[in-house]
Amino acid sequence: MREHHGRDRDRDRGRGRQPPPGARLVGFDEIEVRVEKLVAGGEGLARAEGVPLFVLRAAPGDLLRVRVTERHTDYGRAEIVEILEPGPGRRPDPFPELSRAGIADLQHLRDDLQPRLKAEAVRETLERLGKLTLPPGDLELITGAPWGYRLRTQLHADVDPVTGGMQVGYHARGTNDLIPLTRCPLLVPELEALLAELPEHLGPGSPRRLDLAAGEAGDFAAVSVAPTLPGLPHGELSLTLHDILYAYDARCFFQAHRELLPRLIDTVVGAWEGETAFDLYAGVGLFSLPLARRYARVTAVESDSIAARFARLNARRNRLTNVEVDSRAVESWIPELPPDAARVVVDPPRGGLSNLVRRTLVAQHPKRLTYVSCHAATLARDLRHLAAVYDIEKITLFDLFPQTGHMETVAHLTLRPETPAG
C-alpha cells in the first residue's frame, strides 16, 4: 500500500507540469512556420508550438514548410521543404551550384540586406548572451564588395566516378560529398581562374585538400597553392597595406576580404600610442606591424610556426626592430603579461578566449583592450566576463564574408577608471 500511495503522490505532483519545450516537437515531421528574423550565424528563427526553430537558408518573412531535423531540450532545427511565401528580401540564388556547399548560405538574400540583418543579429546576441547595454542606434557597419573578394579558400579534390579524372570543389554542407566546381564568384579573379585548371594537375594520388591564397590585386603570379603541385604556383605571396609589406603563403591564416583589409587595420590599431603593446593570436603580424609604429615595444604571440616565421620576416623587411615574436600558445605565454600594459589586441579563433586568458586580462588590466572576433556568441561570453573591469568604448562591424552568416566584430574596451592596481 505504501508503494501504491507513493505512486499516487508522484502522479499528483506531475499534474499540470509542462513538458520541456523540445518535447513539443515530438511527433512533428513537417510543419508550416513563419520566419521572424535572422540570428547570428545566418539561420532564420521561426517558432513551432512556441519552440524556437532554426532554419538554414531562410529569409525574414518567409512562410515555409520545413522538416524538423533536430530536437533539443529548448530548441530545434529544420530544413526547408517548400517556400510557400517568400519574404521581402529573398531572391533566386545567383549561383545555385554554391547553395549546397555551405560557403554561400545567404546568397538567397539581397546583397544590400545581408549586412544589415547580420548586424542586427550580432547586436541581439551581444545584448542577450553578454548582458551588455549597448548605445541606442545602429552599430557602425563597414561593408565592401559582395562578390570577388576572397583572398583565401580551401578546396577538396576527388576522382570523378564517371570519367575517372579528377575534380575539385567544396564539400556539401555537413558531408564529405564533393560538389565539383569550375567557378566560385566569391573568390578574387586570380583564384577563381585556377578552378578550371586545377584538375589537370591532379591525379589519384594527389592530396585531397588544397589551400589557395592570392596576394597583390591584379597580379596573376601572386597565387599560392599548398601543398606544392607540379605546374602550379606556390610559395611566398605579398600584399602591401598602408605602405607595410606583408608576406605569407597559402598555409597561413590571413584575413580574407582584400578590399576591407586597410579599413580593418585602421579600426583595430587606431590612433592611440604608448610604451608597450601586445598582439595575441597575431598571425603574420597584420596588426603587430602597424602597432609598432605607435608603440615603443610590441610583442606578437602566435603559436603557428609558419605564421610566426612570416611575422618575424615581415618585421625585419619593414625595418621594425621593436617587434618581438613569441611562438608559444597564448595560454602558455599569458602569465608573462605585465600589469598595466598600454595596449592589448586579441584576435582569437571562433572558440574565443580561454578562462585563463580572460582571468589574466582582468587581473593585469591593460589600459586599452581591443577584441577582434569572428563569432558573436563567444564574444558575448567573453565581454560579459571582461565587463568586471572594462567599459565598451566602441563596437564596429565588418562584413568580411558576404554571402555567409559570418560577421567580424571589433570591440574597443577601456579600463574602468576606478579599477584598483593589480
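To the nearest 10 Å², what's residue 251's accessible area with a 1.4 Å probe?
120
Below 12 angstrom from the Cβ of residue 347, what's the summed charge of the other residues (Lys, Arg +1; Asp, Glu -1)?
Numbers: positive: 350; negative: 279, 302, 408.
Result for the local shell: -2.
Per the Kirkwood definition applied to all pairs of different Cα atoms, how many angstroms is the hydrodynamic radius of the stretch 161-216?
The Cα-based Kirkwood calculation yields 12.4 Å.
In what sequence, largest accessible area first, do 160, 74 appear using a 1.4 Å probe?
Values: 160 35, 74 90 Å².
Reading off the accessible areas and sorting them downward yields 74, 160.
Determine the dipole magnitude for the chain: charges of +1 sit on the beta-carbon of Lys and Arg, -1 on that of Asp and Glu, nothing else is charged, the reference point is the Cα centre, and the result goes in debye to the nearest 20. Provide the component values of the computation, followed by the final result.
Details: 53 positive and 58 negative charges, 266 e Å.
Dipole of the chain, to the nearest 20 debye: 1280 debye.
Tally Lys and Arg at +1 and Asp and Glu at -1 over the other residues with C-beta under 13 Å from the C-beta of residue 203: what net charge comes out? Write out the running numbers ahead of the final one.
Numbers: positive: 208; negative: 158, 160, 200.
So the environment of residue 203 carries a net charge of -2.
Pick from 193, 59, 271: which residue has the top mean-square fluctuation in a GNM of the chain where Cα pairs under 10 Å get a spring?
Looking only at 193, 59, 271, the biggest GNM fluctuation is shown by 271.
For the stretch 183-333, give the magnitude of the charge dipole about the Cα centre (Cβ charges: +1 Lys/Arg, -1 Asp/Glu; no others), in debye to the nearest 20. Don't skip to the answer; put the middle values down first.
Working: 15 positive and 20 negative charges, 52 e Å.
I would put it at about 240 debye.
Round to a whole angstrom and tell me the spacing of the C-alpha centers of the stretch 373-388 and the stretch 50-103.
27
Quick one: work out the % antiparallel among DSSP beta bridges in the stretch 281-422, nearest 5. Don't skip to the answer; put the middle values down first.
Working: 14 of 21 bridges.
Antiparallel bridges: around 65 percent, rounded to the nearest 5.
Just want the answer: with Cβ charges of +1 for Lys and Arg and -1 for Asp and Glu, which residue in 379, 404, 327 is farthest toward the dipole's positive end in the stretch 254-406?
Selected residue: 327.
Can you list residues from other chains, or at least 5 along the same chain, whose modelled amide H is less than 5 Å from the amide H of residue 81?
Close amide H contacts, sequence-distant or interchain: 65, 66, 67.
Check the straight Cα-Cα distances from residue 367 and name the lysines below 28 Å, setting aside those fewer than 8 residues away within the same chain.
The reachable lysines, counting only those whose Cα sits under 28 Å from residue 367, are 131, 394.
D for the chain, whole µm²/s, Stokes-Einstein with Kirkwood Rh over alpha-carbon pairs at 25 °C and 0.890 mPa s: what number?
On the way: Rh = 23.9 Å.
D = 103 µm²/s.
Can you tell which of 87, 50, 102 shows the greatest fluctuation in a Gaussian network model of the chain with Cα springs below 10 Å?
Residue with maximal mean-square fluctuation among 87, 50, 102: 50.
Leaving out ligands, DNA and RNA, what percent of the accessible area of the chain is carbon and sulfur, probe 1.4 Å?
On the way: 9820 of 19230 Å².
The computed percentage sits at 51.
Provide the per residue accessible area, probe 1.4 Å, for the stretch 47-179, rounded to a whole number of square angstrom. Each step should come with its number before you reach the end.
Numbers: 6350 Å² over 133 residues.
The answer is 48 Å² per residue.
Using a 1.4 Å probe, what is the accessible area per residue for the stretch 307-411, in Å²? Write down the numbers at each step before the final one.
On the way: 3950 Å² over 105 residues.
It amounts to 38 Å² per residue over the stretch 307-411.
The values are calculated or read from the model by the stated rules, or taken from the named source; none is laboratory data. Small disclaimer: the values here were computed from a predicted structure and weren't measured. So basically every Cβ, Gly included, is an ideal-geometry build from the backbone, and we count neighbours across all protein chains shown. Note: areas computed on protein heavy atoms with side chains; ligands, DNA, RNA excluded. Shrake-Rupley method; radii C 1.70, N 1.55, O 1.52, S 1.80 Å.
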